[in-house]
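Following: one structure in structure tokens, then a few remarks.
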Amino acid sequence: MAKAQQRDLQIAEREAVESSVNFRYPLDVPMSLSGDYGELRGNHFHSGIDFRVGGVSGAPIYATERGYISKITVSPTGYGNALYITHPNGYVSVYGHLQKYADEIQKHVVAKQYEKESFRIDLEFTPEEFPVEKGQLVAYAGNTGSSGGPHLHFEIRNGENVPLSVLERDYVTAVDNMDPVLNRVDFYGYVNVFGAPRTFRVLRPRDANAAIAVPQYFYVAIDAIDKMEGTHAKLAVNEYKVYLDSDLVYHLTIGEVPFEESKYINSLIEYSRRFNERKSAIKTYVEPGNLLSYKIERKNDGILFLPDTLPHKVKIELLDYKKNRFSKTYTVKRDDSLYIDKIKARPQGTHMAWHMANVYERGGFRISIPPASLYRNIYFQLDSAESRITPFAPVWRVHTGEVPLHSGATIQIAYSGPDSLASKALIASCGANGRLYGIGGRYENGVVKAKISTFGNYTIALDQDAPEIIPNFKNGAVLRGNAVSFVIRDRLSGIGSYRVEIDGHWVLARFDAKTARLTVPLKEAKIKRGITHKLQITVVDNKGNQTVVKRNFKW
């Protein structure tokens, strides 16, 4: 289908939806955003709106439109406690990081957790089970899952499960008369050397008004945010435009991003800056493996070209979803002599094409990179460190973390430890301080194999240590609160499973992965007061090491 036809269908769909529903703001506290749609997050675009709730959990949340609760998920990571409401038009509103659900719903969820003996749960419902009216209380805002503080993460998804830009569509209305803010612009040289691009950052003159010396081919990377009344949050810029003199050479409209396309953000940004500085900057260079390229109008794949050594103007223009606008112009001047040393006649390493399956093997190491996991061609490099962190394998330096992988790669490393410990072996990444971080994997036929998500330094480690359990009360304690809690953690392979029993029966224990805290609500355990109870917690890591802690307590 042609893009024009797709656009017409999307417009018709939007008009039909907007005439059939009238979404309301899902809270009753004054609106203030801590995050909005399209923000550049780690490995993805933010898919919804984050509403502030005053810094504490417990703010009531109301159904944004009539419908029925179609799904509930409970997880120690991600959205934590989440609730999904399907509306008559087929759209779904999503409410994430909840403290708890409304009473009737909460009772049902807890009953199912006890029935399945699992904290983590995924429930689906028919329209008859939990119908809701617009404005009905459905939950309370919290800080569960991968949340940095109490807030409501709110989404509206269409029938194809694509998250929609709630504010741009005016499903929820916010005041925004503030212009975007340009934090920083970097200039990068570009040259194609033997079938693979080489890029390098251009040094800027100290005088902000002086011309920037650039090579013949270059691109820019733009670090910018949007601002809005009533919040200090760093929000999303929706459009990025770059002009060379009067010629528009790059125009990105982020718009709405399906979940399956969200990770292409790693190609859209200057990834080396994310890796080195933890800052996100949209670059004009459009890599061949970036499937978000349909959102970009560009010339010469976003590479700017200077045909002469005369001064030229590069203009950056930013727009938010309300079309508030900011622009800034820089003067550039071609000077190839400054960058001769940046261009090597022949790159080191093995050429890998981004669209091909690539396999490389050497000296007890093997990597397999699936097609399109790279965004552009590279010259792959592999080395091993002279000193070892563990006796079971060298440290392999696998290319560079400045180059992203979209769908990861599989590595295998020859294992040189005793057969009796092979089941405890795993791949670990090596930090700059020599610390090991467990990746996973397993031993098989003399090697340890695992999937990695990034290039970096890897070796083999053994996890023979049992997980750690730290209770918050002493044995025989008299407890006066409504819950007991523990910290559980594992040094290397990670927590695989846990089980909490009181008087021999499984009880619900809520796990918060970001704090490593396991909390047992005693009321939901339905135990008698005034008598001594026997509590047992069992934690097993991902290599089968187990710790058991027992405590007696009176409540």
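For the chain, count all C-alpha to C-alpha pairs, find those more than 36 Å apart, and express that count as a whole percent of the total. I get 48 percent for the Cα pairs in the chain exceeding 36 Å.
Relative contact order for the chain: 11 percent, from Cα pairs under 8 Å spaced at least 6 residues apart, divided by residue count. When both the range 496-524 and the range 35-66 are represented by their alpha-carbon centers, they are found 27 Å apart.
Think of the chain as a dipole: +1 on every Lys or Arg Cβ, -1 on every Asp or Glu Cβ, centred on the Cα centre; then among Pro26, Tyr101, Ala509, Ala509 lies furthest on the positive end. Radius of gyration (Cα atoms) of the range 109-250, expressed as a multiple of 2.2 N^0.38 Å: 1.67. Whole-percent P(r), the range 491-555, all Cα pairs, 5 Å bins from 0: 4, 16, 26, 24, 16, 9, 4, 1, 0. Bridges between two residues of the range 347-504, per DSSP, are antiparallel at a rate of about 100%. Over the range 23-181, the reciprocal of the mean inverse Cα-Cα separation, the Kirkwood hydrodynamic radius, stands at 15.9 Å. On the chain, 48 percent of the accessible area sits on carbon and sulfur atoms, based on a 1.4 Å probe. For the range 394-476, the Kirkwood estimate of the hydrodynamic radius, built from every pair of different alpha carbons, is 14.2 Å. Counting only DSSP beta bridges whose two residues both lie in the chain, roughly 95 percent are antiparallel. Take the chain with all the other protein chains still there, run a 1.4 Å probe, and you get 47 Å² of accessible area per residue.
When all alpha-carbon pairs of the range 154-195 are counted, what percent fall beyond 12 Å? It works out to 77 percent of all Cα pairs. Heavy-atom accessible area, probed at 1.4 angstrom with all protein chains present, ranks Arg362, Arg274 as Arg362, Arg274, highest first.
Backbone geometry of the range 64-73 corresponds, through the Karplus equation with coefficients 6.51, -1.76 and 1.60 at θ = phi - 60°, to 3J(HN,Hα) couplings of 6, 6, 5, x, 8, 6, 9, 7, 9, 10 Hz, x marking Gly and Pro.
Let a ≥ b ≥ c be the square roots of the eigenvalues of the Cα gyration tensor of the range 218-262; is it rounded (a/c under 1.5), or, if not, prolate (a/b larger than b/c) or oblate? It is oblate, given that a/c is not under 1.5 and a/b is not larger than b/c. Which percent of the Cα-Cα distances in the range 243-372 go past 22 Å? Taking all Cα-Cα pairs of the range 243-372, the fraction more than 22 Å apart is 56 percent.
Considering the range 343-397, its Cα convex hull presents a mean projected area of 5.0 nm².
Residues in the range 218-235 carry Karplus couplings, in order, of 7, 9, 10, 10, 10, 9, 8, 9, 10, 10, 8, 4, x, 7, 9, 5, 8, 9 Hz; the curve used is 6.51 cos²θ - 1.76 cosθ + 1.60 with θ = phi - 60°, and Gly or Pro positions show x. The accessible area of Trp354, taken with all protein chains in place and a 1.4 Å probe, comes to roughly 60 Å².
Amide H contacts of Leu405: Phe455, each under 5 Å away and 5 or more positions distant or on a separate chain (H built 1.01 Å from N in the peptide plane; Pro and chain starts excluded).
Relative to the Cα centre, the charge distribution of the range 31-155, modelled as +1 at Lys and Arg Cβ and -1 at Asp and Glu Cβ, gives a dipole magnitude of about 220 debye. The relative contact order of the range 440-555, computed from alpha carbon pairs under 8 Å that lie at least 6 residues apart in sequence, is 29 percent. Binning all Cα-Cα separations of the range 329-432 at 5 Å, short to long from zero, yields these whole-percent fractions: 2, 9, 17, 17, 15, 13, 10, 7, 4, 3, 1, 1, 1, 0. With Cα atoms defining each centre, the range 250-274 and the range 323-337 are spaced 22 Å apart in the structure. Using bins 10 angstrom wide from zero, how does P(r) for the range 230-297 break down, in % of all Cα pairs? Cα pair-distance distribution for the range 230-297, in percent: 18, 48, 30, 5, 0. The charge dipole of the range 305-421, taken about its Cα centre with unit charges on the Cβ atoms of Lys, Arg (+1), Asp and Glu (-1) only, comes to about 620 debye. Note on Arg551: accessible area approximately 60 square angstrom, rounded to 10, probe 1.4 Å, nucleic acids and ligands left out. Label positions at Asn472 and Leu203, each projected 7 Å from the Cα along the C-beta direction, are separated by 5.5 nm. According to the Kirkwood relation over distinct C-alpha pairs, the hydrodynamic radius of the range 417-521 is 16.3 Å. Solvent-accessible area of Ile367, all protein chains in place: 0 Å² (probe radius 1.4 Å, heavy atoms, ligands and nucleic acids excluded).
The values are calculated or read from the model by the stated rules, or taken from the named source; none is laboratory data. Keep in mind the model is a prediction, meaning the values are calculated, not measured. Methodologically, a virtual Cβ is constructed for each residue, glycine included, from the backbone with ideal geometry; neighbour enumeration extends over all protein chains shown. Remember, those area values only see protein heavy atoms, side chains included, never the ligands or the DNA or RNA. Shrake-Rupley method; radii C 1.70, N 1.55, O 1.52, S 1.80 Å.
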